[in-house]
1. Using R₀ = 41 Å, calculate the FRET efficiency as 1/(1 + (r/R₀)^6) where r is the Cβ-Cβ separation of Glu81 and Lys114; round to 0.05.
2. For the cross-link pairs Lys263/Lys317; Lys149/Lys287; Lys129/Lys223, which exceed 21 Å when the distance is taken from alpha carbon to alpha carbon?
3. Full extension from Lys287 to Lys266: what is 0.36 nm times the residue separation minus their Cα-Cα distance, to one decimal in nm?
4. Among Met29, Met192, Met9, rank each residue by its count of other Cβ atoms within 10 Å, from fewest to most, as a rough exposure measure.
5. Counting other Cβ atoms within 10 Å, which trypsin sites (Lys or Arg not before Pro) in the range 270-359 have at most 12 and lie in a DSSP loop?
6. Please tell me which of these pairs span more than 29 angstrom C-alpha to C-alpha: Lys160/Lys320; Lys14/Lys87; Lys6/Lys218; Lys6/Lys176?
7. Under a 5 Å amide H to amide H cut-off, with H placed in plane at 1.01 Å, what residues pair with Phe46 once short-range neighbours are removed?
8. What is the fewest-to-most order of Asp125, Asp283 by other Cβ atoms lying within 10 Å of their Cβ?
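Derivation of every value follows stated rules applied to the coordinates shown; laboratory data play no part. The shown structure was predicted, so the numbers you read here are calculated from the model rather than taken from an experiment. Cβ coordinates were reconstructed from backbone atoms using ideal geometry, including for glycine residues, and neighbour counts include every protein chain displayed.
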Amino acid sequence: MALATKVRMGDLGKTTTATGVELNKAAWMYADQDHRNYAALNSHTFLGSVGPNAPKDTNTDVEAGGITEAYVSPANYPKPEEFKLEKPQANKEDTVALIAEVAPILGDLNETVKSITRTAGNEIDPLGKCLEPIPGNWNEFRRVGEAFKAAGQALETCGKNLESGLKRVDPNWDGKAALSFNDWANREIAAMKWEGPVGRVLSDVFGVVSDEIRAAVKTILQKLWDILNDQIDFSSVKGIFKTIGKKIPVVGQVAEIVDLGRKIFKIVSTAIDLVGTIRQLVDKLKKLLEFFKDPLGQLKDRAQQKLDETIAPFNEKLEKASKKAVATDLAQIAQVNQTLNALGAGYDVGSGSQPWDNA
């Protein structure tokens with residue numbers, strides 16, 4: 001999915017850059033409308049590096065090859081929307097903070113249990129054992145979602161800015177070349193703006209998976225704390241777990257260790273059940289990623305139905321406002337056949353007399 005997104009966005013970037021070069025040439029062509037030739041363009045196109053003494057083609061009938069210098073005094077097209085593309089913060093799995101939220105001494109207590117049970121000849125790591133079934137770093141899921149959102153919204157903003165520029169130039173540019181640009185730009189704009197909803201929806205579903213993993217970890221921590229708290233009598237020093245940080249003789253500990261093991265096994269079973277729920281969400285997430293990896297192939301038919309069915313388990317866990325926003329974004333994403341039909345190449349103003357046809 002990441003590679004497919006990179007290629008799709010990269011292609012839009014390349015075609016837009018190529019179009020910028022072409023429009024710069026067009027500006028020189030239209031600088032002298034009376035002559036309708038390539039004199040102005042070629043006088044600013046150089047066979048080598050751009051410069052006053054660089055060689056250039058003086059032919060006025062055809063476009064010269066080479067590098068064209070930037071048009072002087074171009075019109076200013078202010079961008080209605082700005083964006084700042086920042087790298088999402090790499091978040092580490094913050095189990096320590098979650099432990100502190102449940103019970104600040106749980107981590108130290110776990111180490112004590114490990115030490116005492118090791119002394120008894122059968123080491124038990126309650127925390128490690130109980131969390132073992134829970135998959136992944138929940139913060140990493142969130143980071144990936146935020147990365148898709150940042151990239152998608154950035155390209156969506158670029159599309160809106162291009163759309164604003166098109167509306168401004170359209171009344172002042174006539175002819176076949178203008179119509180051709182209008183068609184190219186509208187296709188490109190639609191493809192750019194499509195990426196915004198995709199990024200936002202992915203951010204939402206990755207966020208749901210992240211929340212579910214964190215909630216599962218918290219549930220397990222709470223259950224573990226409950227049984228350890230039950231095993232420990234903080235007001236006395238009797239029994240295997242009746243004190244913290246002190247070694248207890250091995251004699252008489254086996255029964256309590258076995259009892260603790262049984263309780264931990266029950267928690268592990270709970271963890272496995274929670275993992276089953278998380279896995280169902282992850283499977284739906286993978287399906288959604290497949291849709292966006294090959295949208296024209298996967299969403300060619302019944303796009304809205306496929307998207308709604310896949311997103312349903314996530315919608316159940318979203319806030320009301322988020323559900324409405326997701327529905328709006330999905331409706332835009334479903335228009336894949338109308339939006340992902342960019343020409344795949346930069347705009348070409350034409351050759352010979354084409355730039356001035358019907359102008």
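1. Values: r = 55 Å, r/R0 = 1.34.
Once rounded, the FRET efficiency stands at 0.15.
2. Working: Lys263/Lys317 30 Å; Lys149/Lys287 18 Å; Lys129/Lys223 13 Å.
The answer is Lys263/Lys317.
3. On the way: separation 21, 0.36 × 21 = 7.56 nm, distance 3.22 nm.
Contour length minus Cα-Cα distance gives 4.3 nm.
4. Details: Met29 22, Met192 26, Met9 18.
Fewest to most other Cβ atoms nearby, the residues stand as Met9, Met29, Met192.
5. Working: sites: Arg279, Lys284, Lys286, Lys287, Lys293, Lys300, Arg302, Lys306, Lys317, Lys320, Lys323, Lys324; in loops: Lys300, Arg302, Lys317.
Taking the range 270-359 and a limit of 12 other Cβ atoms within 10 Å, the loop trypsin sites (Lys or Arg not before Pro) found are Lys300, Arg302.
6. Working: Lys160/Lys320 27 Å; Lys14/Lys87 21 Å; Lys6/Lys218 35 Å; Lys6/Lys176 33 Å.
Pairs exceeding the cut-off: Lys6/Lys218; Lys6/Lys176.
7. Close amide H contacts, sequence-distant or interchain: Ile67, Thr68, Glu69.
8. Values: Asp125 16, Asp283 12.
Sorted ascending by nearby Cβ count, the order is Asp283, Asp125.
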